[in-house]
Amino acid sequence: MSRLTIGLTGGIASGKTLVADAFIALGVPVLDADQVARDVVAPGEPALTLIAEAFGAKALQADGTLDRRRMRELVFGNPAELRRLEAITHPAIRQRMRDWRDAQTAPYCMLSVAILVESAGMRELVDRVLVIDVPVETQMARLTARDQVDATLARQMIAAQASREQRLAAADDIIANDGSVAQTLAAVQALHQRYLHP
């Protein structure tokens, strides 16, 4: 098992990908929970079968893959349906992340999890929480520019996650990503040295 596991998190459009890529460039193994979430619902995976049983044929596309758009429509704004879906997917995601973590041999590894703070059971997978922090106004500006969404939807997307205050309260380490890319990369480098020599 890896000596140290860092949980990388931050609000939507905070710069998690930039930071994850910077750690990867330094040779750090990084597993993205979003990719794991896609993997566990691939055809042939037990979670996909359970989703089809729970939500019916409408959950699948004609080719047998998960109908992501339909599922988003079903669960967005419907807490009961979202909980039902998460009860199927989250245990499978956590187990796959635990298995990956336990197989690592590097001095430390990183689990990138957007909902680390608000998702039950995810916090237990990591030793330290690294929060990528930006003001909400910066998130709004990035979301409307990057994803071409209007301000109302951007606000809803931000509100669907833990608040900035909740994330900061859970943080062991923080990178403020509202300056230059060079400043962010310098912060990554400094933390890398700290994680290598705890």
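Quick check on Thr17: is it under 19 Å from the mean Cα position of the chain (by Cα), closer than 23 Å to Arg164 by Cα and at pLDDT 95 or above? Break it down into steps so the answer makes sense when it comes.
Numbers: under 19 Å from the mean Cα position of the chain (by Cα): yes; closer than 23 Å to Arg164 by Cα: yes; at pLDDT 95 or above: no.
The answer is no for Thr17.
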>> With at negative phi, outside the structural domain of Arg155 (by TED's automatic domain parsing), buried (at least 19 other Cβ atoms within 10 Å of the Cβ) and at pLDDT 95 or above as the only criterion, which of Leu48, Leu8 stands out?
In response: Leu48
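Please enumerate the residues belonging to the stretch 69-79 that are more than 17 Å from the chain's Cα centre (by Cα) and either among the charged types (D, E, K, R) or under 17 Å from Leu50 (Cβ atoms) (or both). Give the steps one after another, and end with the answer.
Looking only at the stretch 69-79, we keep the residues that are more than 17 Å from the chain's Cα centre (by Cα), and these are 69-71, 73-79.
Across the stretch 69-79, the qualifying residues are Arg69, Arg70, Met71, Glu73, Leu74, Val75.
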>> I'm told Ala62 meets every condition in (1) of a type in the set (A, V, I, L, M, F, W, C); (2) touching a strand residue (DSSP E or B) at 6+ places or on another chain (Cβ under 6 Å); (3) not in a helix (DSSP H, G or I) except one. Can you identify the failing condition by its number?
In response: (2)
>> Checking Arg69 against (1) more than 24 Å from Arg167 (Cα to Cα); (2) surrounded by 15 or more Cβ atoms within 10 Å (Cβ to Cβ); (3) not acidic (Asp, Glu): exactly one of these is not met. Which one?
In response: (2)
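Conditions tested, residue by residue: (1) farther than 25 Å from Arg146 by Cβ; (2) modelled with pLDDT of 95 or more; (3) among the polar types (S, T, N, Q).
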position	(1), (2), (3)
Gly44	yes, no, no
Lys58	yes, no, no
Leu74	yes, no, no
Ala87	yes, no, no
Trp100	yes, yes, no
Ser119	no, no, yes
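Working only within the stretch 72-104, note down all residues that are among the polar types (S, T, N, Q), closer than 30 Å to Leu4 by Cα and either loosely packed, with under 15 Cβ neighbours inside 10 Å or touching a helix residue (DSSP H, G or I) at 6+ places or on another chain (Cβ under 7 Å) (or both). Steps first, answer last, please.
The initial filter retains those residues of the stretch 72-104 that are among the polar types (S, T, N, Q), namely 78, 89, 95, 104.
When the remaining residues are screened for being closer than 30 Å to Leu4 by Cα, the result is 89, 95, 104.
Those that are among the polar types (S, T, N, Q), closer than 30 Å to Leu4 by Cα and either loosely packed, with under 15 Cβ neighbours inside 10 Å or touching a helix residue (DSSP H, G or I) at 6+ places or on another chain (Cβ under 7 Å) (or both): Thr89, Gln95.
Out of curiosity, is Met110 within 30 Å of Gln193 (Cβ to Cβ), in contact (Cβ under 8 Å) with a residue 40 or more places away in the chain and either assigned to a helix (DSSP H, G or I) or not assigned by TED's automatic domain parsing to the domain that holds Ile6 (or both)? Reasoning before the result, please.
Working: within 30 Å of Gln193 (Cβ to Cβ): yes; in contact (Cβ under 8 Å) with a residue 40 or more places away in the chain: yes; either assigned to a helix (DSSP H, G or I) or not assigned by TED's automatic domain parsing to the domain that holds Ile6 (or both): no.
When the stated conditions are applied, Met110 does not pass them.
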> Residues Ala33, Ala22, Ala13: which one is on the phi > 0 side of the Ramachandran plot, among the aliphatic types (A, V, I, L, M) and crowded, with 18+ Cβ neighbours inside 10 Å?
Replying inline: Ala13
> Do we find a residue being exposed (fewer than 12 other Cβ atoms within 10 Å of the Cβ) and among the aliphatic types (A, V, I, L, M) anywhere in the stretch 128-141?
Replying inline: no
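The values are calculated or read from the model by the stated rules, or taken from the named source; none is laboratory data. As the structure is a computational prediction, the values presented were derived from the model and not from experiment. With ideal geometry, Cβ positions are generated from the backbone for all residues, glycine too; neighbour counts draw on all protein chains shown.
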